[in-house]
Each structure stands twice: as C-alpha cells, then as structure tokens.
1. Got at least one residue in region B:89-110 being surrounded by fewer than 18 Cβ atoms within 10 Å (Cβ to Cβ), touching a strand residue (DSSP E or B) at 6+ places or on another chain (Cβ under 7 Å) and farther than 24 Å from A:E10 by Cβ?
2. Tell me which residues, restricted to region A:56-65, are away from chain B (no Cβ under 11 Å) and crowded, with 21+ Cβ neighbours inside 10 Å.
3. If I go through region A:15-67 residue by residue, how many of them are closer than 25 Å to B:N96 by Cα and either of a type in the set (K, R) or within 12 Å of the chain's Cα centre (by Cα) (or both)?
4. When you scan region B:36-70, how many residues do you find that are touching a helix residue (DSSP H, G or I) at 6+ places or on another chain (Cβ under 7 Å) and not in a loop (DSSP other than H, G, I, E, B)?
5. For region A:68-86, which residues satisfy the criterion of being among the acidic types (D, E) and farther than 17 Å from B:E90 by Cβ?
6. When residues of region A:18-28 are filtered for being surrounded by 14 or more Cβ atoms within 10 Å (Cβ to Cβ) and under 16 Å from A:T64 (Cα atoms), how many remain?
7. Can you find a residue that is crowded, with 18+ Cβ neighbours inside 10 Å and β-branched (V, I, T) anywhere in region B:68-77?
8. In region B:79-107, what count of residues is obtained for those that are closer than 17 Å to B:L121 by Cα and polar (S, T, N, Q)?
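The values are calculated or read from the model by the stated rules, or taken from the named source; none is laboratory data. These numbers come from a predicted model, not from an experiment. Note that each Cβ is placed from the backbone with ideal geometry, even for glycine, and that neighbours are counted across all protein chains shown.
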Amino acid sequence: MSVTRRDVLEELDRQSDASAGEPTSVESLTDALVVDERTVRKHIDGLESCELADLDTDGQVRITVTGEELLALDLDEMIVVDPEGG
Amino acid sequence: MSEHDTNEAAEAVQYDPSSSRYDVFECPDCDNVVLALGRDDPPMSCHGDPMQRVTDCDIAVKPPDVRQVLLDAFGLPKAGLDICLCVIGEGPLSANEVAESLGYDRSTVTRYLNKLVDIGLLRRSELNREEGGVVNVYHSVDLERMRRETLIGFYIWAGEAAALIEEANVTKQDYMAENPDQELPEVFWESFPDD
C-alpha cells in the first residue's frame, strides 16, 4: 500500500501535538500506516521542508503549529507551501 | 503549395455541428451568434424565437493549443500549468521541491503561484509558524468554481476577440464605402494600433 505525504501528516497529527510539544516516533508512524520506514522518513523530510513537521535530534517527530493549521483548512488538492515567501 | 501551406491546411478544422462538443447558434433575423457548451435544452432564443444551429460555415480555423489558450486568455505561461500539474496528488510540497522538480528558480515558482492566485485558479492562505511570522500556502479553489471561473473567463476573452473581429469587419466595410479606389491595408491596420 502506498501512502501520500498528506497521509503521513494526518497520522502525525493523530500521534503528536504541536502546542504540547508532544512527539511520536517514526516507528509508530510506520506501524500505523503499514508502510516501510524509508517511505515514512522520505515524507517526513518533505514535511519538514514545508515546516509542517519537526524532527528532533533524538529522531522523535511531531506536527508543527503550521501543520495543524494546514490540516484545519481541510483542503482537497494542490498545496504548495512557501516558507520563504511569507 | 509549400510544405508550410500543406501543414497549415492539414491542421485546420471546421465546425462540425454533429460533434456535440459545442454548438453555434445564429438568429435568422439579426447578427446575433452565440456559442453554447452543454445541452440545447431549452434551445437558445433571440427576439423570443428559437435560434438556429449553424450548419453551413465554410471557414476553417487552426485548432487551439491548450498552452496557447491559457497564455492568451489568462496570461498564464506553460510554467504556471506545469506547477499545477506537478503538485496535483503529491502535495503538500515546498516551493523549493516544485522548483527542483521542474528545473525552475524558486523565485519563478513563487511568481507563478502568485500569478495563479491573481487569475483566480489558486488561493493563498497564511499560516502561523512556530518561530513567529507566517508561511504562505497555495491551494486549489473548489473544482466546480474553478470550472466556472475558467469557462466564463475564457468566454469573456472570446467575447473581446469577437468584438475585435466585428470592429475589423465594420472598419473594412466603412473604408471600402468611402475609398472605393484605394488600397485597404494601411488604413485598416492604423485603426488597430499595436499598443
């Protein structure tokens, strides 16, 4: 089964919390999404470049405030995040 | 006939009333001509009477290229369409990723994203970032709204084009009436300055 970057963001939202600074692990995301770790890490890297996820030095990951706000927009399609254009 | 002429002739298309892709109606009593997409139910009317489907148009036209249509009607270059196509089904992507994927500068991607917002094909939202400030997010408008906006936008452009053609026909008619012995081209184009 393939997962999209949005699937990973939504799962990250379920497992972590931005305001509480509560992270989760890549392994936990991998288990929940039933996909290989490499795929999840690739999507997390992409989400980090969009400032939607934050990966700490211990390998723990959490959704950011920006990521939570993006999901709250409940968008269907075509999303480009431009952190440098803000 | 040159090779160029042959290619042009091969490319030209004529209106096919039986294709049902679109319909062209005309009023039997005046100059009104309308283009209709979709069903002819109820039929178009003018002066309270049904218009007639055009069945005898001899002129051939060069088939439009979608990239050229987007550029001419909306000022949207191919790069703008590339950005939309690149992101569909893959988002969220960063502007840097889109730029790398398409081989454009990031500033070019940002410029066209803003152009797409100006045209009305995208929306821009500002999201808070944790370190302060905001992040710009570009996203699709509702698909049904996009369909309506692009179609009506194109019809407006087509209406402007049709008005120009009508103006040209009237200009030609007036000139020939006033100057039956003189060449038409110079005066004709002078009435449509380049700028």
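1. So far as region B:89-110 goes, no, none of its residues is surrounded by fewer than 18 Cβ atoms within 10 Å (Cβ to Cβ), touching a strand residue (DSSP E or B) at 6+ places or on another chain (Cβ under 7 Å) and farther than 24 Å from A:E10 by Cβ.
2. Narrowing region A:56-65 to residues away from chain B (no Cβ under 11 Å): A:56-61.
The one that is away from chain B (no Cβ under 11 Å) and crowded, with 21+ Cβ neighbours inside 10 Å: A:V61.
3. The initial filter retains those residues of region A:15-67 that are closer than 25 Å to B:N96 by Cα, namely A:18, A:26, A:37-57, A:59-67.
Narrowing the set further to residues that are either of a type in the set (K, R) or within 12 Å of the chain's Cα centre (by Cα) (or both) leaves A:18, A:26, A:38, A:40-55, A:60-67.
Total meeting the criteria: 27.
4. So the answer is 2.
5. Across region A:68-86, the qualifying residues are A:E68, A:E69, A:D74, A:E84.
6. Total meeting the criteria: 5.
7. no
8. Looking only at that region, the number is 0.
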